[in-house]
Every structure is written in C-alpha cells, then in structure tokens.
Amino acid sequence: MDEKTLLRLAKTHGTPLVVVDHKVLRENYAQFRKYLPRVQAYYAVKANPAPEIVRTFHDAGASFDVASVAEFLTVHENIKDLPEEQRQNFIWDRIIYANPIKAAETLEQLDPYKPLVTYDNYEEVIKIGRHAPHAGLVLRLGVPNTGSMVELSSKFGASPGEAVDLIAFARNNKLEVEGLSFHVGSQCTNIQNYIQALQLASSVFSEARTLGVELKLLDIGGGFPAHYDDTVPAFRTLARVINRELDRLFPQPIEILAEPGRFLVASAATAVAQIIGKAVRGGKLCYYVNDGVYQTFSGVIFDHCQYPLKSFKNGPTQICSVFGPTCDALDTISLAEELPDMDLGDFVYAQNIGAYSAASSTYFNGFPPARVVHVNQ
Ligand SMILES: *Cc1c(COP(=O)(O)O)cnc(C)c1O
C-alpha cells in the first residue's frame, strides 16, 4: 500500500488505524494454491478473525480452521450462501475444529454440525464420545518445531509411539478417525520440520494400515512463513520440497489439507499511528504513539514479532525508542528504531501486521483497539 493512500486513509478515518488490503489477501491465497496445488487451504481464523477477511477467503475458495465456538460461528455465518443441506454435508470440506482440547459444553454445541475435530489424548476421546458422538476425528501428532518463531509442540500433539494406540482407542469408543494433523510451529523457516513431520505421519499411516485402518486425510497444519524480510526463504522453495514429499509418501486419493494463518494475512495489513509525545531520556529520543502492545502491536509480546516503524518524513535518522500510549512500561514497541526527527501529530506506519495483531487487541487502560478499514474488498 503506497504512502499517499495510507496518509489519506489515516486523515479520513483517524488513528490508530489498521488498513486491510483484500487484494493482497486474494494474492496470498492464489500463491498458496499455485505452489501447493494438492493442498486445500483451511484459513486459520485465529490469525485474524475479521468477518470481512473470512468472506474474502470463502469467495476465493478457502476452507477454515477454527478453535472456538465463536470462530466456528463466524465462519458458519459467512458460508450462508451454501444451502442448509449442503452446509451439513460439506462441513468437513469447509471447517476443521483444530483445537485438540475442547470443553464438554463446546462439544455439545458442535455435535449437531457433525464436525471434524482434532484430538491428541485418551481423555479427549472419552469426552468426545460422550458429548459429540457425531464428530469425525483427526489425530494431532507432536512434531519437531525447531527454529519456528512460535513454538507449539510443548502444548499439543501425541507422540508418534502412542499414535496407533490412540487411533485404536477412538475406534473402541465408536469414533471414526479420518486422518492425521500436525503443526510445525508458526513462522517456520526450517524446511526440515516439514520433512520430519511428513515422515512421522507417513509411518503412522503405515502402522494404522496394519490395524486395518485406512486413514483418508493428512492435515499439514500452519507455519508457512510470511515474508517479513529477505531472510525468510521463498514460499516457492518450501512448497517444492513439501510437494515432493507429499507425492512420495501420500499418494492419491489421500486428501491433503493445510491450516495457513500468518502466510495468508500478515502482509495484507498496515498499521498507522500518530505521535502523541516526545521526550529525551538518558540521551535517547523517545516517541510515544497512540497504538501499542495492548492493541495492534500485541504481536510484539504474544507473537515474538517486531514490526519496523516507518515515517512519512525523510531526513537524517537516529536510533529511538517507541512506546505505546498506556502507563505500562511493557507497552514498548521498540527500543531501537531508525527514525527521522518528527513532531507531535506526525504519522508513522508498520507493514506486515495482519497476523496475530488486531486479533489480540485489548481495552487495557481505557485505550480501545485501532479502527480497521478494509480496502479493495
Ligand atoms: C495457530 C494455528 C494455525 C495457524 O498457524 P500459522 O503459523 O499462522 O499458519 C494452524 N493450525 C493450528 C492448529 C493452530 O493452532
């Protein structure tokens, strides 16, 4: 998004502002499909749950990964153009409930939809059998998350050694296991994680076959890296390796799903904020802006992500600190930004802030989340 348009939008709508460009959403989705043609993308709604984004991906042909009843309903509401009957039949084609741990009440709310849900432990099987007997199951495997920006393997995933026992246990509880899933960790730039995960999954497929269970689908999860900077390997390169391994280890008619979140939305949003204060502390220039880590910049804390700030002004730069508007010292966007001399009221912006940002905004200290505008819808 060019600076002129950003400034115009900021002046029209006020700041703090987040601009979501739906042209970029469609391009990212098209890239994903182009380079991973065998893989149906289930957009991970938690990365950015704006209904406008859900609709754009739905229109482009995407399916959805949800992890709460609220996310499930956001998606279900937005696929209303499908007739009721088809929505029931096609729910597995459209939605996977990919949170391995589900409260009993959640399962009861989901059961009428005959959902496809993930699990990774024995207690969950018993719970699903009792509260969502119409669900289809996908076993989540624990896989290496080495080097990923956000690690998930400590919280979820069955060990490969117990995988087949968990499949047999589900069948003994009158539940059908449709396939396997895994997650290599978010912003995964280490291709080896995908290679090892696919190999582990393949050996579980074989072992299940010896039990007489023919698994039908493989869900390769999320983790596909957004191009935050040039250290991130090209998606094309990663995809080439994944395709090769998929064709070698999971021949047709095994269905392949993925749950990309960050890859589809990160580059589609830009945040614009305004300078509301300026001070020199310990010889260092400090800017205070009207958006921070409790709002759009929440990814600095929760996503281990940095968003370089840019000025609309030119001129010699110096290393500055940039703080959010709240009274908390944790509300620090950066202690080392290269910025030119700016005045109160000047605008700054941060690109690639579409994933895990506005999604976890709070109202802390009375500062509400930034306004969001959608362009090129
Ligand atoms: C968060 C999450 C995703 C999305 O991950 P990205 O790294 O953003 O692609 C996909 N699947 C599951 C189960 C998740 O928890």
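The values are calculated or read from the model by the stated rules, or taken from the named source; none is laboratory data. Since the model is a prediction, treat every value here as computed from it, not as a measurement. Glycine gets a Cβ as well: all are built from the backbone with ideal geometry, and neighbour counts include every protein chain shown.
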So which residues in segment 260-292 are of a type in the set (A, V, I, L, M) and either surrounded by fewer than 23 Cβ atoms within 10 Å (Cβ to Cβ) or in a strand (DSSP E or B) (or both)?
269, 271, 272, 273, 275, 276, 279, 280, 285, 289
Away from the ligand (no atom under 16 Å from the Cβ) and either at negative phi or in contact with a helix residue (DSSP H, G or I) (Cβ under 9 Å, 6 or more places away or on another chain) (or both): which single residue out of 253, 260 fits that description?
253
How many residues of segment 340-356 are aliphatic (A, V, I, L, M) and either outside the structural domain of residue 277 (by TED's automatic domain parsing) or under 25 Å from residue 226 (Cα atoms) (or both)? The answer is 4
What residue, among those in segment 332-357 that are crowded, with 20+ Cβ neighbours inside 10 Å and under 20 Å from residue 12 (Cα atoms), is nearest to the ligand (Cβ to nearest atom)?
350
Go through segment 230-259 and report how many residues are in a loop (DSSP other than H, G, I, E, B) and under 23 Å from residue 177 (Cβ atoms).
6
Selected residue (only one of 157, 179 is farther than 29 Å from residue 302 by Cβ, in the same structural domain as residue 107 (by TED's automatic domain parsing), within 16 Å of the ligand (Cβ to nearest atom) and not aromatic (Phe, Trp, Tyr))
179
Test: residue 99 is more than 17 Å from residue 222 (Cα to Cα), within 16 Å of the ligand (Cβ to nearest atom) and either not hydrophobic (A, V, I, L, M, F, W, C) or not assigned by TED's automatic domain parsing to the domain that holds residue 196 (or both):
no
Which of (1) surrounded by 12 or more Cβ atoms within 10 Å (Cβ to Cβ); (2) in contact (Cβ under 8 Å) with a residue 60 or more places away in the chain; (3) among the basic types (Lys, Arg) is the odd one out, the single condition residue 236 does not satisfy?
(1)
Residues of segment 63-81 being part of a loop (DSSP other than H, G, I, E, B) and out of contact with any Lys or Arg (no Cβ under 9 Å at 6 or more places or on another chain), in sequence order, are 81
Failed item, numbered, when residue 130 is tested on (1) out of contact with any strand residue (DSSP E or B) (no Cβ under 8 Å at 6 or more places or on another chain); (2) surrounded by 22 or more Cβ atoms within 10 Å (Cβ to Cβ)
(2)
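For the subset of segment 211-233 comprising residues that are more than 16 Å from the ligand (Cβ to nearest atom) and of a type in the set (Val, Ile, Thr), which member is surrounded by the most Cβ atoms within 10 Å (Cβ to Cβ)?
My answer is 213.
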Can you find a residue that is in contact (Cβ under 8 Å) with a residue 40 or more places away in the chain, of a type outside the set (D, E, K, R), out of contact with any strand residue (DSSP E or B) (no Cβ under 9 Å at 6 or more places or on another chain) and within 15 Å of the ligand (Cβ to nearest atom) anywhere in segment 202-210?
no
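Out of the residues in segment 108-137 that are outside any loop (DSSP other than H, G, I, E, B) and in contact with a Pro (Cβ under 9 Å, 6 or more places away or on another chain), which is farthest from residue 179 (Cα to Cα)?
So the residue we want is 111.
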Reported set for segment 157-201 where residues are farther than 24 Å from residue 248 by Cα, of a type in the set (S, T, N, Q), surrounded by fewer than 19 Cβ atoms within 10 Å (Cβ to Cβ) and in contact (Cβ under 8 Å) with a residue 24 or more places away in the chain is 173
